[in-house]
Amino acid sequence: MTNSGTGSNLTVDVVLIGAGIMSATLGVMLKELQPDLTIEIFERLDVIAAESSAPMNNAGTGHSAFCELNYTPQLPDGTVEIKKAIKIAEQFETSKEFWAYLIEQGLLNNPQSFIRKVPHMSFVWGEENVEYLKKRQQALTKHHFFKGMEYSEDKAQIKKWIPLVMEGRDPDEKVSATFMDIGTDVNFGSLTSALIDELKQKGGVNISLNHDVRDIKRNADGTWKITVKDKNTGNKRKLNAKFVFVGAGGGALPLLQKSGIPESKGFGGFPVSGQWLVCNNPDIVKQHEAKVYGKASVGSPPMSVPHLDTRMIDGKRALLFGPYAGFSTRFLKKGSLLDLFSSIKLNNILPLLAVGRDNWPLTKYLISQVMQSPADRLNALKDYMPTAKAGDWDLDIAGQRVQVIKKDAKHTGVLEFGTEVVTSADGSISALLGASPGASTSVPIMIQLIERCFKKHVKTEAWQQKFRQMIPSYGVSLASNEALSDETRARTSKVLGLI
Ligand SMILES: Cc1cc2nc3c(=O)[nH]c(=O)nc-3n(C[C@H](O)[C@H](O)[C@H](O)COP(=O)(O)OP(=O)(O)OC[C@H]3O[C@@H](n4cnc5c(N)ncnc54)[C@H](O)[C@@H]3O)c2cc1C
């Protein structure tokens, strides 16, 4: 597979739109599977991974469902449902397998630059929540993914794990916590940059920063004409692609709409912005060593669960609290205030209106978050760190998430908090919408995408073999194979320096 033609007749095998974790993962994977592929990457900003994949724009949690309570809902009969938790834990194991492969092959070096071991904890207060957390730990520890998860209601023990959370707390308050030693903090920005650096060294890969993809249209021969504006010169250029991945994060929906594929009809986006409090006092930062997730407030979107997090950002330890959700009509942090309005089309107006009508608690919650004063934000932090003082914390802006709105069977609309891969029937274009569980699942999501879009190639022995080399558990469920799961986790932990 090679480039053919020149100028606007140039045809490449693959165009990746956006230089975030998703495009970077897909690019590296495709190049491993088929080294002679030609790939063009276009990024509208002048740096790689400056939107959601940037470390300060996301929470850096390697989502394994160890601490995130929204993955384990309590059912009406009182039991705790763990299906989603198992799926997410399995997906993260797959991501670690791929990253370990890249380290072993020397394609990435220094795993510490992007992944570190940080215990994952859940912390709750109040009779009802304590009861829920206990049931959750009991349900989870029956599955091998969650072996070793500790539970405690003992304040002295919890204080040993998280002194900042316990100091100054009402001694009569009923609290409980779970502790999972093998949690991770991931710097998805460093990982994206390392993946793109690796790609750049391969022949047949070209990356253009400051290049904004403006249009995608299907050619008569089934390939795609991509129109790109060079923001340095203001010039537009066109090229053709046999396969397009719209990995534009929040910017994916408008580009997908431009492609005109029938599969894009009815999708809309609901942007949720975010803010963190970032600790500026190194004495406090060093007293906390965990990601501590709590329970979401009523009406809040599931990804707005507050957490007090140890982070490793570019080699420096940090402490962040949040995210505080908010509302902005931008689809990207560096996007336009018109993004939401421009995305409204005849084919998605009904789903958008239905979501507005049916999600009043969410709307109310977002309005209340936007109206928060600094004192309100400090009070929310004090739920997790009672001794917190305003002067030790600065407010910072997190990334923008665009939640997926889609038509449901009755042609009204539903709001989804997961990720949606939208692919044309012939598999020649695919876009990733939504943001959760996000970057942690970039590897299994891109594998699925490859299986859908490169069906013929995936069936070949060469690709099957390569998949098994990249992901040794490929084709086997780690969730149902304890021995393989233990062996895989032990191996990837060693290679990634997590033990
Ligand atoms: C507040 C917050 C917390 C999060 N926490 C976590 C977490 O703890 N763990 C986790 O796993 N995930 C988390 N996520 C989700 C995760 O950050 C995203 O799923 C992931 O980074 C998305 O990667 P991406 O490559 O799709 O998008 P991005 O990283 O946003 O990259 C898209 C790129 O496309 C570019 N682009 C857009 N439009 C165009 C265009 N027209 N032409 C050219 N380029 C374009 C953008 O500039 C950008 O660089 C969080 C997200 C947010 C916002």
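Given +1 on the Cβ of Lys and Arg, -1 on the Cβ of Asp and Glu, and no further charges, what dipole in debye does the chain carry about its Cα centre, rounded to the nearest 20?
Values: 60 positive and 53 negative charges, 261 e Å.
Rounded to the nearest 20 debye, it is 1260 debye.
Please work out the FRET efficiency for the pair A139 and R491, using the Cβ-Cβ distance as r and a Förster radius of 30 Å; give the result to the nearest 0.05. Walk me through the intermediate numbers first.
Values: r = 27 Å, r/R0 = 0.91.
Calculated value: 0.65.
Of the listed pairs K242/K410; K84/K117; K333/K406, which have alpha-carbon separations greater than 30 Å here? Please list the in-between numbers first.
Details: K242/K410 35 Å; K84/K117 23 Å; K333/K406 23 Å.
From the list (K242/K410; K84/K117; K333/K406), the Cα-Cα distance tops 30 Å for K242/K410.
Considering only the other residues whose Cβ falls under 12 Å of the Cβ of L484, what net charge follows from Lys and Arg at +1 and Asp and Glu at -1?
Computed value for this residue: -4.
Determine ³J(HN,Hα), in whole Hz, for all residues of the range 61-74 in sequence, where each value follows from phi through the Karplus function 6.51 cos²θ - 1.76 cosθ + 1.60 and θ = phi - 60°; x replaces Gly and Pro.
Each residue's phi maps through the Karplus curve to give 7, x, 5, 10, 6, 6, 10, 7, 5, 6, 8, 10, x, 8 Hz.
Measure off 7 Å from each Cα along the Cα-to-Cβ vector at K456 and D154, then give the distance between these two points in nanometres to one decimal.
A separation of 6.4 nm, rounded to one decimal place.
Arranged by the count of other C-beta atoms within 10 angstrom, fewest first, what order do W276, W463, W224, W360 take?
By the 10 Å Cβ count, ascending, the order reads W360, W463, W224, W276.
So how far apart, in nm, are the two label points at N481 and K200 if each is 7 Å from Cα heading toward Cβ?
3.8
Please arrange V292, V404 by counting, for each residue, the other beta carbons lying within 10 Å of its beta carbon, fewest first. Mind dumping the intermediate values first?
On the way: V292 25, V404 21.
Going from sparsest to densest Cβ surroundings: V404, V292.
All other residues with a Cβ under 13 Å from the Cβ of M22 taken together, and with Lys, Arg as +1 and Asp, Glu as -1, what is their net charge?
That sum, taken over residues with Cβ under 13 Å, equals -3.
Could you give the angle, 0 to 90 degrees to the nearest 10, between helix 21-33's Cα long axis and the longest principal axis of the Cα atoms of the chain?
On a 0 to 90 degree scale, this one is about 60.
Taking the chain as the reference, fit the longest principal axis to its C-alpha atoms, fit the long axis of helix 482-495 to the helix C-alpha atoms, and give the angle between the two in degrees, 0 to 90, nearest 10.
Around 80 degrees separate the two axes.
Within a Cβ distance under 11 Å of A139, other residues only, what is the Lys/Arg minus Asp/Glu net charge?
+4
Rounded to the nearest 500, what is the chain's calculated 222 nm mean residue ellipticity when only DSSP H runs of at least 4 contribute -39500 (n - 2.57) each, over all residues?
Helix contribution divided over all residues of the chain: -9500 deg cm²/dmol.
Taking the 0 to 90 degree range and rounding to the nearest ten, how far is the long axis of helix 461-470 tilted relative to the main principal axis of the chain, both from C-alpha atoms?
Taking the Cα atoms of the chain, the angle to 461-470 is about 30 degrees.
Using per-residue counts of other Cβ atoms within 10 Å, averaged over each peptide, order 63-76, 129-142 from highest down.
63-76, 129-142
Provide the percentage of antiparallel DSSP beta bridges, counting only those with both residues in the chain; round to the nearest 5.
75
Is the shape of the range 392-499 rounded, prolate or oblate, going by the alpha carbon gyration tensor and its root eigenvalues a ≥ b ≥ c, with a/c under 1.5 for rounded and a/b larger than b/c for prolate?
Oblate shape, in that a/c is at least 1.5 and b/c is the bigger or equal ratio.
How do M56, M29, M371, M22 rank when sorted from fewest to most other Cβ atoms within 10 Å of their own Cβ?
With the sparsest Cβ surroundings first, the list reads M371, M56, M29, M22.
None of the figures in this text is laboratory data; all of them are computed from the coordinates on show. These numbers were taken from a predicted model, which means no experiment stands behind them. Because the Cβ atoms are built from the backbone with ideal geometry, glycine has one as well, and the counts that use them run over all protein chains shown.
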